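Student: The structure follows.
The values are calculated or read from the model by the stated rules, or taken from the named source; none is laboratory data. Just so it is clear, the structure is predicted and the values come from calculations on it, not from any experiment. Note that each Cβ is placed from the backbone with ideal geometry, even for glycine, and that neighbours are counted across all protein chains shown. Note: accessible area is taken over every heavy atom of the protein model, side chains too, but ligands, DNA and RNA are not part of it. Shrake-Rupley method; radii C 1.70, N 1.55, O 1.52, S 1.80 Å.
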Number of protein chains: 2
Amino acid sequence: MYRTHDCGELRISNQGQKARLAGWVQRLRKLGGMTFIDLRDRYGITQLTIDEKAPKELVAIVETLGREFVIQAVGTVAERSSKNPKLPTGDIEILLEEIKILNASELPPFTIEDESDGGDELRMKYRYLDLRRAPLRRALELRHRMAHEVRKYMDSQRFLEIETPYLIKSTPEGARDFVVPSRIHTGEFYALPQSPQTFKQILMIAGYDRYFQIVRCFRDEDLRADRQPEFTQIDCEMSFVEQNDVLQVFEGLAKHLFKNILNLDFSDDFPRMSYSEAMNRYGCDKPDIRFDMKISEITNSVKGKGLDLFDSAEYVGAIVAENCAEYTRKQIDQLTEWVKRPQIGAKGLIYIKLAGNDVKSSIDKFYTPDELKTLATTVGAKGNDLILILAGTKKTTLPALSALRLEMGTRLGLRNEQLFKPLWIVDFPLFEYDEETQRYYAMHHPFTSPVAEDLPKLETNPAEVRANAYDFVINGVEIGGGSIRIHDAKIQRTMFKVLGFTPEEAEKQFGFIINAFRYGAPPHGGIAFGFDRWCAIFGGSDSIRDYIAFPKNNAGKDTMIDSPSTISKEQLDELGLRVSD
Amino acid sequence: MYRTHDCGELRISNQGQKARLAGWVQRLRKLGGMTFIDLRDRYGITQLTIDEKAPKELVAIVETLGREFVIQAVGTVAERSSKNPKLPTGDIEILLEEIKILNASELPPFTIEDESDGGDELRMKYRYLDLRRAPLRRALELRHRMAHEVRKYMDSQRFLEIETPYLIKSTPEGARDFVVPSRIHTGEFYALPQSPQTFKQILMIAGYDRYFQIVRCFRDEDLRADRQPEFTQIDCEMSFVEQNDVLQVFEGLAKHLFKNILNLDFSDDFPRMSYSEAMNRYGCDKPDIRFDMKISEITNSVKGKGLDLFDSAEYVGAIVAENCAEYTRKQIDQLTEWVKRPQIGAKGLIYIKLAGNDVKSSIDKFYTPDELKTLATTVGAKGNDLILILAGTKKTTLPALSALRLEMGTRLGLRNEQLFKPLWIVDFPLFEYDEETQRYYAMHHPFTSPVAEDLPKLETNPAEVRANAYDFVINGVEIGGGSIRIHDAKIQRTMFKVLGFTPEEAEKQFGFIINAFRYGAPPHGGIAFGFDRWCAIFGGSDSIRDYIAFPKNNAGKDTMIDSPSTISKEQLDELGLRVSD
């Protein structure tokens, strides 16, 4: 037996006991005639102590130790003279009696500490060393715990976890597929799933009633920071449900996780906000509601006073930063530069500062103090507030106001990582109109059902039809989304018509699922959550990469194993493939 | 709300209550003036009843119903006059008051019954209909339950479930990889994992101590019956362990599953059998020990009596079929034909029948009755037993005897599907010698550690070195296998030497994992279980296909979605690939 205890286990109550531990040398310190070794494993750190009067052989071995050596140590548990209250084992130490080097280690290329001195690339290449650091270990422990609690809850709600295939079929809609050449059927390809969408609908048609799966999905997109070519979803579907049934079950899941992972109670229902309210008051469909600072449209209140910026604008909107009237010229200039960056793209920033009865603004040439005060009242400003105003097209100004709002929230410390504000967004539009191709596209997918009361408008005014679709948002991050699917063949036909498909085209593109619908499809709907992102949010991080054991870098590469890489000519020949010159 | 109860829920205690159900029409029967509808969902079947005196509109709708229509029904729970004891809901029926067709169904191409009239191919194409049959539903429910219990046990033993990547690197050793062309890095490929072997070892080096994952694996092999290109493993690894630690933890897992899935208690330790005993006494490395009928080698007992079949044989072995002396000439002839089939490949079958003091044999020209009786005693035969003997090379005769033993076990009803006999096979050889290439190959993989006491023979007599490797077998089916890995760099170097690798070749082929070993690798070992197969065994089936929701056929095709299939020229161009002519 390699060990009697792990490195996080021993306490003062074990005093006098003999213990055998195994782990990695985290730190070595010499003090007077004493040597202290911090021994680390997944469970904690225990201090081993040896003094110079120890047997020579023992001292000799200790002399050869280095950081990250794997050792086995035997000794007696003793009370420490100088205790370490930061460590659960900090009251004791082990007086070393035997030691064995199980494996030496070369000097790691970076420090294995909470804050490492290694750069991103180096730590990716030596991911096995980076993973030894406590923050990453805690991230993966959290992920394990999350997955386990998701499964516990889903099982308690009679959901069956059913594995769907990874070698499926490439479809032209949506993002780009990764494909897998078939050797047996040369010239043919499987595709890796972007999501198990059709399979989960098939499972409903097959009568499985409640399905879920924690499942890998694949998207061959051009990578951005924090996008991974493979990512994990909690994928769910239910039969004989309406929107409210789905929201209740999954609000239950979220509350279960808040309680069991973070020990947070949410007794009230999560708020539900319509897509249009989210867009109008927060400028985006995933508002961070940890703080207020809502957007007010003031287009009609500001026109006709000779300020061209406003007079020529399709849209003028404002946010109110409470008690920020003290902002200096320099701070305002900085904010102005910030909104003018290409990522935000505003032309400029207008401010109004309130200070008691005083009012100061970058537009006081065009508006009287009273007009400015009225405007302030309109947007709900008071006291020492600062009003920030952007103008332009509605399509660009709302997102810019949203970004400015989040930036101000961050600057004012209103976005506490320990505070969680979940939110449902509902009543999404069913369609998006694309100016370029002059046609409607399904905002979610072509099987998303319209809200019943909007059905009469489906053919006459598609733009105004709302979808039975919903997103789940925490702290401004979209964690999940789903919809009630169409199960009525007639509505489905109209849907395809609005989308510009002939019945033949629909059949060709969505063939086997349309076929399956002919044999008794129940009403059904579902949701999918981004598991990597949910873990990161719960871990208080905005990077998913730390919550994935072996992520790819921004170029889609795994530099640890050096993948992707070339394959042999024999492999290509067997697959009947040639790489183009 | 679509339903107040599911179709398996109502009992006599609900009598008089109003209930709303939704589901599929399983059967429609008319009897006198009554119509009976069996309404089915995942949870059961409930009988709906309507008589001719019901409102016309209601009768009219019922008239239009067909099999597999999806309906919603409202009515009052009543006691049945003729109860059905086979159904949990068999004491009641619903007196129909309202009915709504949620979706019609075309006539299914085969019957949705426990025994369907549809052929394999048709049922694969309409998998969503096949999945409605109760045996498949029970199989997937069992699978869900199994996975859930695996996770519960592993979590209780402090294992972390950690997801490893699916887009990894192709390696030349082992079976053929499925590859995934990279678009961003044209000409380069990812590979789909055959198993997470290197990643789980990396996780041990990273200090994660106890890892598991229920994970999909991929092998591009020529398919045989019951092989799937994608399959699921329970993949596990532990640090600071010796073989016995691993066996104990996973014997615990098996006992947990036996108890919680099948309600079977196993208080005793599972037997452990050496590879050599398994080969010598059962003719294979995965013996079915639900019955005895062990193989006895009688090579030396039968030689020199002038029977060329024996005299020229390298090996002669026998099994004893108890109380089978009554076997007729015809039965023996049949068995003889059976062993002569190419799959078995025996040249012939020798028998000895005991009947009290009498003895009858196909070789009584060469052996006296006393000699035959002595032989019978040697192999442990008595009473009315039948001795069956095969001869030839050891390499071909032992497997033939194994097959014959299993066949006799089946014919004699000794292989009860409800009886479970788990078994560990240990002490596998470390190497296999390949005559063709005249070199040793690692029987498991090059990181499998040798048994300590055999270490001195590693270079001098590799063939006799046993591995710290083990297989888990239930009822003659290999469910899992694993090993303690090498963590000592010196032994690893010797291992590569015996396998004929230069250090450079080893570095090239196993590069990054060898590198990882330089930074403090703990002693570690693990195991992987075939999850599909384990589910099938527990379900009492020998086909894994029913335990996979969407399996591929024997040609690796998913005929439901028609995959693999061709992709567009644009997709190929983006990947920089051409299909060879």
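Student: Can you work out which of the residues in the stretch A:229-240 that are open to solvent by 10 Å² or more (accessible area, probe 1.4 Å) and out of contact with any Lys or Arg (no Cβ under 6 Å at 6 or more places or on another chain) is nearest to A:Tyr153 (Cα to Cα)?
Tutor: A:Gln233
Student: Condition test on B:Ala104, is it modelled with pLDDT under 95 and touching a strand residue (DSSP E or B) at 6+ places or on another chain (Cβ under 9 Å)? Give the steps one after another, and end with the answer.
Tutor: On the way: modelled with pLDDT under 95: no; touching a strand residue (DSSP E or B) at 6+ places or on another chain (Cβ under 9 Å): yes.
No: the conditions fail for B:Ala104.
Student: On to the next question. Kindly establish whether B:Leu572 is hydrophobic (A, V, I, L, M, F, W, C), in contact with a Pro (Cβ under 8 Å, 6 or more places away or on another chain) and not assigned by TED's automatic domain parsing to the domain that holds B:Asp471.
Tutor: So B:Leu572 does not fit the description; no.
Student: Among B:Val477, B:Val465, B:Val498, B:Val473, which is more than 24 Å from B:Gln233 (Cβ to Cβ) and touching a residue at least 40 places away in the same chain (Cβ under 8 Å)? Can you show your working first?
Tutor: Details: B:Val477 fails: more than 24 Å from B:Gln233 (Cβ to Cβ); B:Val465 fails: touching a residue at least 40 places away in the same chain (Cβ under 8 Å); B:Val473 fails: more than 24 Å from B:Gln233 (Cβ to Cβ).
Only one candidate passes the filter, namely B:Val498.
Student: If you take just the strands (runs of 3 or more DSSP E) that sit entirely in the stretch A:365-459, which of them hold at least 3 residues that are surrounded by fewer than 16 Cβ atoms within 10 Å (Cβ to Cβ)?
Tutor: Numbers: elements: A:386-392, A:422-426, A:431-434, A:439-442.
Once the strands (runs of 3 or more DSSP E) in the stretch A:365-459 are filtered for at least 3 residues that are surrounded by fewer than 16 Cβ atoms within 10 Å (Cβ to Cβ), what remains is A:431-434.
Student: Can you name the residue in the stretch A:167-191 that is assigned to a loop (DSSP other than H, G, I, E, B) and among the hydroxyl-bearing types (Ser, Thr, Tyr) and is also farthest from the other protein chains (Cβ to nearest Cβ) among such residues?
Tutor: Only one residue tops the list, namely A:Thr171.
Student: Could you go through the stretch A:108-124 and let me know if any residue there is assigned to a strand (DSSP E or B), more than 24 Å from the chain's Cα centre (by Cα), away from chain B (no Cβ under 13 Å) and over 24 Å from B:Arg216 (Cβ atoms).
Tutor: Checked against the condition, which is being assigned to a strand (DSSP E or B), more than 24 Å from the chain's Cα centre (by Cα), away from chain B (no Cβ under 13 Å) and over 24 Å from B:Arg216 (Cβ atoms), the stretch A:108-124 yields no hits at all.
Student: Can you pull out every residue in the stretch A:301-348 that is free of Cβ contacts under 8 Å to residues at least 40 places away in the same chain, touching a strand residue (DSSP E or B) at 6+ places or on another chain (Cβ under 9 Å) and either open to solvent by 50 Å² or more (accessible area, probe 1.4 Å) or closer than 15 Å to A:Leu375 by Cβ (or both)?
Tutor: Selection gives A:Lys303, A:Ser312.
Student: Moving to a separate point now. Considering only the stretch B:153-166, state which residues are in contact (Cβ under 8 Å) with a residue 12 or more places away in the chain and either facing another protein chain (nearest Cβ under 7 Å) or open to solvent by 10 Å² or more (accessible area, probe 1.4 Å) (or both).
Tutor: B:Tyr153, B:Gln157, B:Arg158, B:Leu160, B:Glu161, B:Ile162, B:Glu163, B:Thr164, B:Pro165, B:Tyr166
Student: Name the single residue that is most open to solvent (accessible area, probe 1.4 Å) among those in the stretch B:527-560 being among the aliphatic types (A, V, I, L, M) and not in a helix (DSSP H, G or I).
Tutor: B:Ala555
Student: I'd like to verify a number: residues in the stretch A:19-64 that are basic (Lys, Arg) and surrounded by 14 or more Cβ atoms within 10 Å (Cβ to Cβ), how many? Don't jump to the end; show me each part of the working.
Tutor: Residues of the stretch A:19-64 basic (Lys, Arg): A:20, A:27, A:29-30, A:40, A:42, A:53, A:56.
Next, only the ones that are surrounded by 14 or more Cβ atoms within 10 Å (Cβ to Cβ) stay: A:20, A:27, A:40, A:42.
Residues in the stretch A:19-64 being basic (Lys, Arg) and surrounded by 14 or more Cβ atoms within 10 Å (Cβ to Cβ): 4 in total.
Student: How many residues, within the stretch A:500-522, are in contact with a strand residue (DSSP E or B) (Cβ under 6 Å, 6 or more places away or on another chain), within 14 Å of chain B (Cβ to nearest Cβ) and in a loop (DSSP other than H, G, I, E, B)?
Tutor: 3
Student: Filter the stretch A:100-128 for residues that are more than 19 Å from B:Ala489 (Cβ to Cβ), of a type in the set (A, V, I, L, M, F, W, C) and surrounded by fewer than 21 Cβ atoms within 10 Å (Cβ to Cβ) and give the result.
Tutor: Within the stretch A:100-128, A:Phe110, A:Leu122, A:Met124 qualify.
Student: How many of the residues in the stretch A:461-487 are within 14 Å of chain B (Cβ to nearest Cβ) and in a strand (DSSP E or B)?
Tutor: Matching residues across the stretch A:461-487 total 2.
Student: Give just the number: which of (1) among the basic types (Lys, Arg); (2) open to solvent by 50 Å² or more (accessible area, probe 1.4 Å); (3) more than 27 Å from A:Leu575 (Cα to Cα) does A:Arg219 not satisfy?
Tutor: So A:Arg219 meets the others, but not (3).
Student: Go through B:Lys490, B:Lys497 for me and flag whichever is within 13 Å of chain A (Cβ to nearest Cβ), among the basic types (Lys, Arg) and over 17 Å from the mean Cα position of the chain (by Cα).
Tutor: B:Lys490
Student: Keeping to the stretch A:45-101, report how many residues are assigned to a strand (DSSP E or B), acidic (Asp, Glu) and modelled with pLDDT of 95 or more. Give the steps one after another, and end with the answer.
Tutor: So in the stretch A:45-101, the residues assigned to a strand (DSSP E or B) come out as A:45-51, A:70-79, A:92-101.
When the remaining residues are screened for being acidic (Asp, Glu), the result is A:51, A:79, A:93, A:97-98.
Next, from what is left, pick out any that are modelled with pLDDT of 95 or more: A:79, A:93, A:97-98.
Of the residues in that region, 4 qualify.
Student: Of all the helices (runs of 4 or more DSSP H) wholly in the stretch A:192-288, which have at least 1 residues that are within 14 Å of chain B (Cβ to nearest Cβ)? Before the answer, list the steps.
Tutor: Working: elements: A:197-205, A:243-262, A:275-282.
In the stretch A:192-288, A:197-205, A:243-262 are the helices (runs of 4 or more DSSP H) which contain 1 or more residues that are within 14 Å of chain B (Cβ to nearest Cβ).
Student: On to the next question. For the list (1) open to solvent by 10 Å² or more (accessible area, probe 1.4 Å); (2) of a type outside the set (D, E, K, R); (3) modelled with pLDDT under 90, I need the number of the one condition that B:Val498 fails.
Tutor: Going through the list (1) open to solvent by 10 Å² or more (accessible area, probe 1.4 Å); (2) of a type outside the set (D, E, K, R); (3) modelled with pLDDT under 90, B:Val498 breaks only (3).
Student: Just wondering, is there one or more residues in the stretch A:129-137 that are surrounded by fewer than 18 Cβ atoms within 10 Å (Cβ to Cβ) and either modelled with pLDDT under 95 or farther than 25 Å from B:Thr164 by Cα (or both)?
Tutor: No, there is no match, as no residue in the stretch A:129-137 is surrounded by fewer than 18 Cβ atoms within 10 Å (Cβ to Cβ) and either modelled with pLDDT under 95 or farther than 25 Å from B:Thr164 by Cα (or both).
Student: What number of residues within the stretch A:561-573 are open to solvent by 80 Å² or more (accessible area, probe 1.4 Å), more than 7 Å from chain B (Cβ to nearest Cβ) and either in contact with a Lys or Arg (Cβ under 7 Å, 6 or more places away or on another chain) or touching a residue at least 24 places away in the same chain (Cβ under 8 Å) (or both)? Break it down into steps so the answer makes sense when it comes.
Tutor: Here is the first cut: in the stretch A:561-573, the ones open to solvent by 80 Å² or more (accessible area, probe 1.4 Å) are A:562, A:566, A:569-570, A:573.
The next check asks that each one be more than 7 Å from chain B (Cβ to nearest Cβ); those that pass are A:569-570, A:573.
Those left that are additionally either in contact with a Lys or Arg (Cβ under 7 Å, 6 or more places away or on another chain) or touching a residue at least 24 places away in the same chain (Cβ under 8 Å) (or both): none.
So the answer is 0.
Student: Next question. Out of the residues in the stretch B:172-210 that are of a type in the set (Asp, Glu) and within 28 Å of A:Val579 (Cβ to Cβ), state the one that is surrounded by the fewest Cβ atoms within 10 Å (Cβ to Cβ).
Tutor: First pass over the stretch B:172-210, keeping only residues of a type in the set (Asp, Glu): B:173, B:177, B:188, B:209.
From what is left, the residues that are within 28 Å of A:Val579 (Cβ to Cβ) are B:173, B:177, B:188.
Numbers: B:Glu173: 11, B:Asp177: 22, B:Glu188: 21.
Across the stretch B:172-210, the extreme among qualifying residues is B:Glu173.
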